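The values are calculated or read from the model by the stated rules, or taken from the named source; none is laboratory data. The shown structure was predicted, so the numbers you read here are calculated from the model rather than taken from an experiment. Cβ atoms come from the backbone with ideal geometry, glycine included; neighbour counts cover every protein chain shown. Just so you know, the surface numbers come from the protein's heavy atoms only, side chains and all, with ligands and any DNA or RNA stripped out. Shrake-Rupley method; radii C 1.70, N 1.55, O 1.52, S 1.80 Å.
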Amino acid sequence: MLALHIGIIGPKDLIDQIVKELNTYQLNNLEYHFFFIQQVEDTRTLNYEDLHQCDLLLFAGQMAHNIYLEQKKLERNQKNVPTISIKYDESALYKTLYELAIEEKGSISSFIPFTIDVLHQDEGHHLLREIDLKDWMFINGLATYTTNQWATLHEEFYKQGKSKYAITCLTSVAEELVKRGIPVKRVMPTYSSIKTAIELLVVTSENLIRQKQQITAIYIEWIESERRPQNRYVIYRQKLKFESIIVDFCEQYGASLAFSDQNKASVYTTKAVAEAFTNHFHSFPLLQKLTEETSTQIFAGIGLGDETSTAEYSATKALKFALVKGKSCAYVMFADGKMKGPLQGDNYIPLSFTTILKEEELSKIAQKAHLSAMTVSKLLSLIEQTKEPYVTAYTVAEGFNISLRSANRILTKLAEANLAEPCGEEQPPGRGRPRKMFRLCFLT
């Protein structure tokens, strides 16, 4: 049975609550991996390689989730792991205030005014207006704040006499404030919010399992070099090597195999297995091994679909993209029609793009600049990957795996259509002329 790896991130007491609730669902196809957080800032020092080995991440709190999303932007990780976070909603705050009132024997005046963090300010305002509480201060910190910085914000209000109590959604902040002698109450997620997150996890997991079971067809083609060896026996040995490597590969991963002729192989497996040997469709080591050991150009098209015919159609289309490159590489076409490639090696980040722009606005951009939908889609992917608000002919050439002349032609067309404008120059590392930078005007 295909198992999904679920990463659960948060303080131990909340993770224990989550696991207790998960056990009531008897989900045999899920394997759990725990990432315990002692301090708020621990989220930034988690082993992201381990996190990204998971198929789905469940965060026990919104702050840890926000820190992860900010950190992930910098990591440029090739795997996009779905995430779910347990919400600290109005009900959680209401429950906390109710418990405080009981602890203080109904004397609300004993804990107001108070400071409160993390909860969305609008939600806090709405609830506190409902119960006619006015003496409170919302603390708005940053995802970069440490436990001490959050605690200090509460402490300053308390020492200035502006607050009698600190209410926090952060476990480590509550513990730190206790050490500092500040009256504090920790907001805990409600049973309902935990249950809602787990129900979403179950639905998402079922969908991920269906996706991982998608049929994946891989068409691999060997193109003989124009400089053929004089001895034909050398060619025969190359073909035997080509077949032997692929047979060993399919045996290793339990994939189906068929040779349509001496130069082509068709491999069939599932998406889950294909993700394993392509590093989540980032590289294709088999291709590199075939190229090195046969000394020929090898091209591959990987296609995914819910049916074999759909996967085969996608593999055929992806192979055509690879063949156009003229050097060993692979392309992937997913079930939703999106493309990714070229898959060349671990040092190259493939672009995700589409050959059809469904968004009307982007289609207009492509028509106005006299560019293909695929080129516009690739530009958007390039901007997303580089995390820069501009492009140069060099970054376009490198990202698209094309010549500088072709890259300049793309930027020129965009500039002529008033869709890109010069925004400065970039000095390359070492020697070289400055590179003109272009800002894409259709990005908002």
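Numbers for the structure displayed
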{"read-out": "Loop trypsin sites (Lys or Arg not before Pro), segment 12-120 (other Cβ atoms within 10 Å of the site Cβ: 10 or fewer; DSSP)", "value": "LYS105"}
{"read-out": "Length released on extending from GLU426 to SER266, taking residue separation times 0.36 nm less the Cα-Cα span", "value": "53.0 nm"}
{"read-out": "Residue-span extension gain [ILE223 to LYS387] - 0.36 nm each, minus C-alpha spacing", "value": "55.4 nm"}
{"read-out": "Rel. contact order, % - alpha carbon contacts under 8 angstrom, at least six apart, segment 1-72", "value": "47"}
{"read-out": "Folded to 0 to 90 degrees: helix 373-386 orientation relative to the chain principal axis, Cα", "value": "50"}
{"read-out": "Computed accessible area, CYS54, all protein chains, 1.4 angstrom probe, square angstrom", "value": "0"}
{"read-out": "Listed residues TYR348, TYR32 arranged by accessible area, highest first, probe 1.4 Å", "value": "TYR32, TYR348"}
{"read-out": "Per-residue SASA entry for LYS241, accessible area with 1.4 Å probe, Å² rounded to 10", "value": "80"}
{"read-out": "Surface per residue (accessible, 1.4 Å probe) for segment 184-337, Å²", "value": "49"}
{"read-out": "Centre separation in Å (Cα based) which lies between segment 149-193 and segment 17-51", "value": "25"}
{"read-out": "Size descriptor, Kirkwood hydrodynamic radius, that averages inverse alpha-carbon separations across segment 267-349, Å", "value": "12.6"}
{"read-out": "Sequence-distant aspartates and glutamates (8 or more away, or on other chains) whose Cα lies within less than 17 Å of LYS340", "value": "GLU275, GLU312, GLU384, GLU398"}
{"read-out": "Helix axis angle, 404-416 relative to the chain longest principal axis, alpha carbon, degrees", "value": "60"}
{"read-out": "Extension gain, SER363 back to TYR348 (0.36 nm per residue minus Cα-Cα distance, nm)", "value": "2.6 nm"}
{"read-out": "Computed FRET value (nearest 0.05) for PHE36 with ALA276, which takes r as the C-beta separation and R₀ as 30 Å", "value": "0.65"}
{"read-out": "Relative frequency of Cα-Cα separations exceeding 16 Å in segment 388-444, percent", "value": "42"}
{"read-out": "Cα centre as origin, Lys/Arg/Asp/Glu Cβ charges: the chain dipole, Debye", "value": "1740"}
{"read-out": "Highest-fluctuation residue, SER256, SER266, SER283 considered, GNM on the chain with Cα pairs under 10 Å", "value": "SER256"}
{"read-out": "Residue-wise HN-Hα coupling along segment 289-302, computed from phi with Karplus coefficients 6.51, -1.76, 1.60 (Hz; x: Gly, Pro)", "value": "5, 4, 5, 5, 8, 10, 6, 9, 8, 10, 10, 9, x, 10"}
{"read-out": "Neighbourhood charge, 15 Å Cβ-Cβ cut-off, centred on VAL173 and excluding it, Lys, Arg +1 and Asp, Glu -1", "value": "-4"}
{"read-out": "With Cα atoms, 0 to 90° folded angle of helix 121-130 axis to the chain main axis", "value": "40"}
{"read-out": "ALA420 long-range amide H proximity, modeled H, under 5 Å", "value": "ALA415, CYS441"}
{"read-out": "Protein accessible area in the chain, 1.4 Å probe - carbon and sulfur %", "value": "49"}
{"read-out": "Ranking by accessible area, most exposed first, for THR375, THR386 with a 1.4 Å probe", "value": "THR386, THR375"}
{"read-out": "Selection of GluC sites (Glu not before Pro), segment 153-232, meeting DSSP coil and at most 15 other Cβ within 10 Å", "value": "GLU224, GLU226"}
{"read-out": "Prolate/oblate/rounded label for segment 336-408 (Cα gyration tensor, a/c 1.5)", "value": "oblate"}
{"read-out": "Å² of accessible area per residue within segment 25-98, as computed with a 1.4 Å probe and no ligands counted", "value": "51"}
{"read-out": "Rule-of-thumb Rg ratio for the chain [Cα; 2.2 N^0.38 Å; N residues]", "value": "1.24"}
{"read-out": "LYS320-ARG433 pseudo-label distance in nm [points 7 Å out on the Cα-to-Cβ vector]", "value": "3.8"}
{"read-out": "Taking only Cα atoms of segment 307-444, radius of gyration then Dmax in Å", "value": "15.8, 53"}
{"read-out": "Length-normalised contact order of the chain in % [C-alpha pairs under 8 Å, at least 6 apart]", "value": "9"}
